[in-house]
1. Given the conditions (1) within 22 Å of residue 103 (Cα to Cα); (2) in contact with a helix residue (DSSP H, G or I) (Cβ under 9 Å, 6 or more places away or on another chain), and given that residue 15 satisfies all but one, which numbered condition is not satisfied?
2. Look at residue 103 and say whether it is loosely packed, with under 15 Cβ neighbours inside 10 Å, part of a helix (DSSP H, G or I), out of contact with any strand residue (DSSP E or B) (no Cβ under 8 Å at 6 or more places or on another chain) and in contact (Cβ under 8 Å) with a residue 40 or more places away in the chain.
3. Scan 93, 85, 39, 3 and give me the residue that is in contact (Cβ under 8 Å) with a residue 40 or more places away in the chain, over 19 Å from residue 109 (Cβ atoms) and of a type in the set (S, T, N, Q).
4. Only residues in the stretch 44-60 that are closer than 22 Å to residue 90 by Cβ and touching a residue at least 24 places away in the same chain (Cβ under 8 Å) count as the first member; pair them with residues that are surrounded by 13 or more Cβ atoms within 10 Å (Cβ to Cβ) and among the small types (Gly, Ala, Ser), Cβ under 7 angstrom, at least 6 apart or cross-chain, and list the lot.
Amino acid sequence: METKLTLVVRADLGMGRGKIAAQAAHAAVAAALANAGTTHFRAWLRDGQPKVVLRADGEDELHAIAARAAAAGLPVQVIHDAGRTQVAEGTPTCCAIGPAAADRIDAITGELALL
């Protein structure tokens, strides 16, 4: 079974590259911590921790993707910013889906563009 972790980042916020990297890192760490010890997590570690970073065009799309993933039984972590730098406190900036079977994640995110 091929596994991966998919990060979906909002492209409409005008975040700088460093801010995007930090938000994606928050999502990856949250997903890893929430799923540590699961079968999919162990497989993901063995596979070399594959990740893909995709774009959402706005808050509504990010929430819709996260909701579809959750409804499909996939692990989802939505990240809300602390408001210390470029965006307002509480702004949803990105989400992590997985680690899980790659084909199940692709069924939700397969149409999204790379960031």
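Laboratory data are not the source of any read-out in this text; all were calculated from the coordinates shown. Everything quoted here is computed from the prediction, not taken from an experiment. All Cβ positions, glycine included, derive from the backbone under ideal geometry; neighbour counts span all protein chains shown.
1. Going through (1) within 22 Å of residue 103 (Cα to Cα); (2) in contact with a helix residue (DSSP H, G or I) (Cβ under 9 Å, 6 or more places away or on another chain) one by one, residue 15 breaks only (1).
2. When the stated conditions are applied, residue 103 passes them.
3. 85
4. Cβ pairs passing all conditions: 55/11; 56/11; 57/11.
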